[in-house]
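A.B. asks: Can you read through this structure? Questions will come right after.
Every number here is computed from the coordinates shown, using simple stated rules; none is lab data. Computed from a predicted structure; not experimentally measured. As a convention, Cβ positions derive from the backbone with ideal geometry for all residues, glycine included, and neighbour counts pool all protein chains shown.
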Amino acid sequence: MGSDLVKRSKFLSLILRHDPGKANISLDEQGWVSVDILLKAIKWELFELVEVVDTNDKKRFEFSENGKKIRASQGHSIDVDLGYETKEPPELLYHGTSRDNFKAISDSGLLKMERHDVHMFDNYKQALDVATGRRRNPAVVTIAAQEMFANGYKFKLSTNNVWLTDVVPPRYLRYQSG
């Protein structure tokens, strides 16, 4: 993705995940906004928006079935209910982080921090790619997701295949690798 597309993607993330007021728009309770309203507010053409959505390597954005609305798939710091149903996870899930976080994670588990959920992947490489892209000393924490689920923890799967849960207590961290 070119630098202009990266900037546009980050701007769209800011608006649709964290601060819609930056563009003077409002999101509905599920995080959707009209494409027409968004385009007018950010002064983009439809082809520019489609290009950002289509080329985003993490598939962070989604259009509604009729193409008239858009939202971020997950990662919000603002209050939205994305409406994802509880789903049984695979045996293991993976969370990308930094080795510098291992002590805090082993003490407190994985916490959602300022986001709505802890983000996990069913693919080790994908979790490592996320960690590598954002952090120094990238590493991956392995989660006993099936055991958590059996003990009553709820999991959801976003439309861009990111697994979500409220918290991962330390006892479900099976091993950490990098």
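A.B. asks: What does the C-alpha gyration tensor say about the overall shape of the range 3-72? Classify as rounded when a/c is under 1.5, otherwise prolate if a/b is larger than b/c, or oblate. Can you show the working numbers first?
C.D. replies: Numbers: a/c = 1.34, a/b = 1.20, b/c = 1.12.
It comes out rounded by the Cα gyration axes.
A.B. asks: If you don't mind, there's one more thing I want to ask. Which of 62, 91, 45, 147 comes first, and how do the rest follow, when ranked by fewest Cβ neighbours within 10 Å?
C.D. replies: Working: 62 20, 91 12, 45 9, 147 15.
Going from least to most buried by this count: 45, 91, 147, 62.
A.B. asks: At 222 nm, what helix-only mean residue ellipticity would the chain give, in deg cm²/dmol to the nearest 500, using -39500 (n - 2.57) for each DSSP H run of four or more? Could the numbers behind the result be given before it?
C.D. replies: On the way: 6 runs with 53 residues, N = 178.
Calculated mean residue ellipticity at 222 nm is -8500 deg cm²/dmol.
A.B. asks: Within a 10 angstrom radius of the beta carbon, how do 94, 124 rank from fewest other beta carbons to most?
C.D. replies: The fewest-first ordering by Cβ neighbours comes to 124, 94.
A.B. asks: I need the phi-derived Karplus couplings for the range 52-68: 6.51 cos²θ - 1.76 cosθ + 1.60, θ = phi - 60°, integer Hz, Gly and Pro marked x.
C.D. replies: 5, 5, 5, 9, 5, 5, 9, 6, 6, 10, 9, 8, 5, 4, 8, x, 8
A.B. asks: Now, a different point. Using θ = phi - 60° and the Karplus relation 6.51 cos²θ - 1.76 cosθ + 1.60, list the HN-Hα couplings for the range 137-148 in order, rounded to whole Hz, with x at every Gly or Pro.
C.D. replies: 6, x, 7, 10, 9, 9, 10, 7, 5, 5, 5, 4
A.B. asks: Could you work out, for the chain, what percent of all Cα-Cα pairs fall into each 10 Å distance bin, beginning at 0 Å and stopping at the bin that holds the largest distance?
C.D. replies: Each 10 Å bin holds this share of Cα pairs: 10, 35, 33, 18, 4.
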